[in-house]
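The values are calculated or read from the model by the stated rules, or taken from the named source; none is laboratory data. What you see is a predicted model; the values in this text were computed from it and never measured. Don't worry about glycine lacking a Cβ; one is built from the backbone with ideal geometry, like all the others, and counts go over all protein chains shown.
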Amino acid sequence: MIRIRPAIEADFPALLQVQQAAFDEYATVYEVSAWTAETLDSLRNDAKEKRILVAEAEGVIVGSVRFWTVAGVCVVRLLSVSPAHQNHGIGKALIREIEGVTTDAHKFYACTMLRTARNIQFFLSLGYKAETMLPNHYHHLDLICFAKYRTSPRPAKPSSA
């Protein structure tokens, strides 16, 4: 059984291990050291500005994701699932949790490496649509960015009379 919850600082070492393992599989395709060599200090700094969720299986962290909202757009970043736990719905559960807890966004936005067909299919399967191509972007990566718009209306604010 998978449990999704907000990360606490005590989770950070395990979160970084999962992230390193998840991104390390792309080392032959892209320069991924920004994610495989992230430090606890940089993660602590990132956590001051972003929300972080972790996925646990039997008390062990097997996945994580970071996100924040700016001007009604929820930016999803660094979705990572332990290679041993991939293809079990953990990534989908993390994304769905973000979509459920983020009430101040009308749009969800996520980028992945262009030469990762599995990741592209992942976002498409969740109803995201390709929106932007970013060639030679961050760390010289070719990225494809996806967007999903909230389809159900948000509750109306009470009027003040």
Inset, instruction - Answer yes or no: is there a residue in region 125-142 that is part of a helix (DSSP H, G or I), hydroxyl-bearing (Ser, Thr, Tyr) and at pLDDT below 80. - result: yes
Inset, instruction - Would you tally the residues in region 73-83 being outside any strand (DSSP E or B) and surrounded by fewer than 17 Cβ atoms within 10 Å (Cβ to Cβ)? - result: 1
Inset, instruction - Select from region 37-90 the residues that are under 15 Å from the mean Cα position of the chain (by Cα) and of a type in the set (Ser, Thr, Tyr) and list them in ascending order. - result: Ser64, Thr69, Ser80, Ser82
Legend entry - All positions within region 33-55 that are out of contact with any helix residue (DSSP H, G or I) (no Cβ under 9 Å at 6 or more places or on another chain) and farther than 17 Å from Lys107 by Cα: Asp41, Ser42, Asn45, Asp46, Lys48, Glu49
Legend entry - In region 121-131, the residues that are within 17 Å of Lys107 (Cβ to Cβ) and either surrounded by 12 or more Cβ atoms within 10 Å (Cβ to Cβ) or of a type in the set (Phe, Trp, Tyr) (or both): Phe123, Leu124, Leu126, Gly127, Tyr128, Ala130, Glu131
Inset, instruction - Tell me which of these Phe67 doesn't satisfy, since it passes every other one: (1) modelled with pLDDT under 95; (2) under 22 Å from Arg3 (Cα atoms); (3) touching a Phe, Trp or Tyr at 6+ places or on another chain (Cβ under 9 Å). - result: (1)
Legend entry - Unmet criterion (only one of (1) modelled with pLDDT under 95; (2) part of a helix (DSSP H, G or I)) for Glu38: (2)
Inset, instruction - From the list Arg96, Arg77, pick out the single residue that is of a type outside the set (A, V, I, L, M, F, W, C), under 20 Å from Cys145 (Cα atoms) and modelled with pLDDT of 95 or more. - result: Arg96
Inset, instruction - Being closer than 16 Å to Thr132 by Cα and of a type in the set (A, V, I, L, M, F, W, C) is the filter; apply it to region 99-116 and report the residue that is modelled with the highest pLDDT. - result: Phe108
Inset, instruction - Filter region 57-72 down to residues that are buried (at least 16 other Cβ atoms within 10 Å of the Cβ), touching a residue at least 24 places away in the same chain (Cβ under 8 Å) and in contact with a helix residue (DSSP H, G or I) (Cβ under 9 Å, 6 or more places away or on another chain), then give me how many there are. - result: 7
Inset, instruction - Out of the residues in region 104-120 that are in contact (Cβ under 8 Å) with a residue 12 or more places away in the chain and closer than 24 Å to His88 by Cβ, state the one that is surrounded by the fewest Cβ atoms within 10 Å (Cβ to Cβ). - result: Arg115
Inset, instruction - Working only within region 84-111, note down all residues that are within 23 Å of Glu25 (Cβ to Cβ), out of contact with any strand residue (DSSP E or B) (no Cβ under 6 Å at 6 or more places or on another chain) and not in a helix (DSSP H, G or I). - result: Gln86, Asn87, His88, Gly89
